[in-house]
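Please see the structure below; I have some questions.
Only the coordinates and a few stated rules stand behind these numbers; no lab work does. Bear in mind the structure is a predicted one, so any value in this text is a computation, not a measurement. For neighbour counting, all protein chains shown are included, and Cβ atoms are generated from backbone atoms with ideal geometry for every residue, glycine included.
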């Protein structure tokens, strides 16, 4: 049986905003840049963050490519306008094309091309972060992070992640609580890396099912067999989800390196983030 | 006098910023003096922050100096706060401790006995556990102190009660996900020992850990007498009547009925565990 993932929206929103505020205070930065794809994740990120940074200190970048629909851009604009934040529309297709022209490879597959797009957006976000002395807000949710459904150093590149403790269905619930337009909540999630791509279509399982499998495996510590037998999940779905989690571990961690000395960074040399 | 005023100083310490945290302590101490508070309680590691990692070693001298300053400013207050403490015999060995301050000097310290090392917790990585359950006869009451993980283990507060304390002071850096259980435990510990619980949690966020706040005083029969806000800083003052203790114990003689023979069964069971 499927369950609805629990979420106390009010208190969780307060906790997330408290986290953002603490990080800002520690590194002494007042501004943030967020990419607005028009999807639920970046929208909820912006809705949560705007209260902490203030509308004048949050910059939204709308960065369409040929893989995006007009509706994506419209929804990005809608978010910027609803929140009354500063925004810029920067089409990235020319940059992607220029990269492809100069990269020295004739045929580029759609995944590699999609990753170029995601990384172009990352470059733009950090460019504006440099200009404005701002942090880049990561928008990935817990479901995407666990499945590895993001581009390493693309949309995976950020300073802090706002939604990373919420599963996709919880992000939607949070969106509804925060007053996100229904059209954005109801839209099928997409990575926007090629035309017609939808996350559920590509993975072949609905987010409702994926979240149920993940929630039982991770939060409730069910074994895979128990998720199949006791929750009635499809064995091939569980297998697929497990494989995606395992294969993407490298994307969720900082790069490994050999521990040679007594006090290696992050192994034995361990400090909180700060800037004096 | 059987009545006393307790102040719950639910602060959000800044990691490693002892001076800044000390200033906040002093400010609240003045406020508490104005409100004629008798017993003022700050949360776990209130002078240096909870998740300071390798900073602990470097800020130890600053914490020692800050304690001296608080002693000089304590007035008629009994003050409890969370500190890192160097082992009295072995230099360079740290404890996660609470200090009791009164009449311008340190009355005593108590060391956290259960140091969590599971999941996100790293107490055992930095601290040496204490082995003693102490009670302190202060100006207005007899109290014992448990630090965070200590009150997830029933024997700590039980020992505090059997040693004659009227108030079990619980100080913590309890993260967001533990709120519901934490609130249950406060009530349970109060009832199973028919003792006042004065609980003070951290607020704010440190390194992504959000503390749920929600500090409270629970009466010996499990009623919440005062409650601080969730997540954010708060300061609550509440007057309690220590005569409630015999009144409740007359009807719920749980401590009267506590039996050594049964506790010895517990010890025996532990012995058997260790034989395996």
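For the range B:3-275, what relative contact order do you get, as a whole percent, if you take Cα pairs closer than 8 Å and at least 6 residues apart?
Reported relative contact order: 18 percent.
Across peptide B:206-219, what mean number of C-beta atoms from other chains lies inside 10 Å of a residue's C-beta?
If you average over the peptide's residues, the count of other-chain Cβ atoms is 3.
Which one of A:222, A:262, A:126 has the biggest mean-square fluctuation once chain A is modelled by GNM with Cα springs under 10 Å?
Evaluated over chain A, the most mobile residue of the options is A:262.
How large is the Kirkwood hydrodynamic radius of the range A:9-195, in angstrom, based on all distinct alpha carbon pairs? Write out the running numbers ahead of the final one.
Values: mean 1/r = 0.0605 Å⁻¹.
Value: 16.5 Å, from the Cα pair sum.
Across peptide A:19-27, how many C-beta atoms of other chains are within 10 Å of each residue C-beta, on average?
On the way: counts 9, 1, 4, 10, 3, 0, 4, 7, 0.
Counting Cβ atoms of other protein chains within 10 Å of each residue's Cβ and averaging gives 4.
Among A:44, A:89, A:171, whose mean-square fluctuation peaks in a Gaussian network model of chain A (Cα, cutoff 10 Å)?
A:89
Still on this model: Taking every pair of alpha-carbon atoms in the protein assembly as shown, give the share separated by more than 35 Å as a whole percent.
46
In chain B, what % of DSSP beta bridges are antiparallel (nearest 5)?
Antiparallel bridges make up about 65 percent of those DSSP assigns within chain B.
Using Cα pairs closer than 8 Å and at least 6 residues apart in sequence, work out the relative contact order for the range A:9-195, in percent.
29
Antiparallel DSSP bridges in the protein assembly as shown: what percent, to the nearest 5?
Working: 35 of 67 bridges.
Bridges in the protein assembly as shown that DSSP calls antiparallel: roughly 50 percent.
Grab the DSSP H runs of chain B that are 4 residues or longer, score each as -39,500 (n - 2.57), total them, divide by all residues and round the 222 nm result to the nearest 500 deg cm²/dmol.
-10000 deg cm²/dmol
Averaging sequence separations of C-alpha pairs under 8 Å and six or more residues apart, then dividing by the length of the range A:27-109, give the relative contact order as a whole percent.
Relative contact order, the range A:27-109: 31 percent.
Arranged from highest to lowest average of other beta-carbon atoms within 10 Å per residue, in what order do the peptides A:49-56, B:77-84, B:237-244, B:193-200 appear?
B:193-200, B:77-84, A:49-56, B:237-244
Taking the Cα centre of each part, how many Å lie between the range A:121-142 and the range A:195-264?
Rounded to whole Å, the Cα centres lie 26 Å apart.
So, one more: Out of A:131, A:59, A:77, any idea which swings most in a Gaussian network model of chain A, alpha carbons joined below 10 Å?
A:131
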